[in-house]
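Below you'll find the structure, written out as structure tokens, and then a few comments.
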Amino acid sequence: MLGGEEKHNCLIFRIAEELQYLDLLTQKVEHIRQIHSRIDLESPVLIDEHCAGKDWSVFGLSKLQVEVAVMSLIQKLKSINRMLEKINPSFTIRQEFIELVTMYSKNLTENLDIICDHCHKYQFLNIQEERDMLYKLYSTVSERLVLDMYLDNSAVTTEEIVASLKNGIDKASTPDFF
């Protein structure tokens, strides 16, 4: 058990800060939903090897956004767990919950992979042409970093993005300032 009212209050404050990520996660999911609402399913553009935007997919971008957001959520949950244990070892987020979040994330990204595979010959939304719209919609630095890194390299991995975000956290305090 943690002693001292000041340390206790500090941990409670930090836990509340970490829990604010749930609001950001909700916003990020809403941003993906808004982008997908702009997709014209009735008239996708057939793309071929010579098409300038063939490497970029709105579904690939969404997949990266989801993966980065969920990885951050899991990190937040683990951080909250460590702080809760300092307050009282019986106050913890059950590991089963964290595993459930991981399982749902995996399911969602697998479904986005399937969509990407089925739609690779079609462009439903040109994200290069819609970059300004996406920048206006994305309200966090982390979302914009995912967009920038994806547009710079369509083969960028979630791990590369997370490493870049971590590097940004070390230089600032959080990648999700507005």
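What do you reckon, is GLU143 under 16 Å from LEU64 (Cα atoms) and without any contact (Cβ under 8 Å) to a residue 40 or more places away in the chain? Answer is no for this residue.
For the residues ILE39, ILE15, ILE35, ILE47, the requirement of being farther than 30 Å from SER79 by Cβ and either in contact with a helix residue (DSSP H, G or I) (Cβ under 7 Å, 6 or more places away or on another chain) or modelled with pLDDT of 85 or more (or both) singles out ILE39. Identify, from the list VAL58, VAL146, the residue that is buried (at least 16 other Cβ atoms within 10 Å of the Cβ), touching a Leu at 6+ places or on another chain (Cβ under 6 Å), at pLDDT 85 or above and under 26 Å from ALA163 (Cα atoms). When all the criteria are applied, what remains is VAL146. Scanning for something out of contact with any strand residue (DSSP E or B) (no Cβ under 7 Å at 6 or more places or on another chain), farther than 16 Å from THR26 by Cα, at pLDDT 80 or above and assigned to a helix (DSSP H, G or I), does segment 65-74 turn up at least one residue? There is no residue in segment 65-74 that is out of contact with any strand residue (DSSP E or B) (no Cβ under 7 Å at 6 or more places or on another chain), farther than 16 Å from THR26 by Cα, at pLDDT 80 or above and assigned to a helix (DSSP H, G or I). Scanning segment 117-138 turns up at least one residue that is under 26 Å from ASP152 (Cβ atoms), in contact with a Cys (Cβ under 8 Å, 6 or more places away or on another chain) and in contact (Cβ under 8 Å) with a residue 24 or more places away in the chain.
Residues checked against (1) free of Cβ contacts under 8 Å to residues at least 60 places away in the same chain; (2) among the β-branched types (Val, Ile, Thr); (3) on the phi < 0 side of the Ramachandran plot:
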| site | (1), (2), (3) |
| --- | --- |
| GLY60 | no, no, yes |
| LEU73 | yes, no, yes |
| ILE80 | no, yes, yes |
| ASP148 | yes, no, yes |
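For segment 120-140, the set of residues classified as in contact with a helix residue (DSSP H, G or I) (Cβ under 8 Å, 6 or more places away or on another chain), at pLDDT below 85 and closer than 22 Å to VAL68 by Cα consists of LEU125, ILE127, GLN128, listed by residue number.
The values are calculated or read from the model by the stated rules, or taken from the named source; none is laboratory data. Keep in mind that what you see is a predicted model, and the values were worked out from it rather than measured. With ideal geometry, Cβ positions are generated from the backbone for all residues, glycine too; neighbour counts draw on all protein chains shown.
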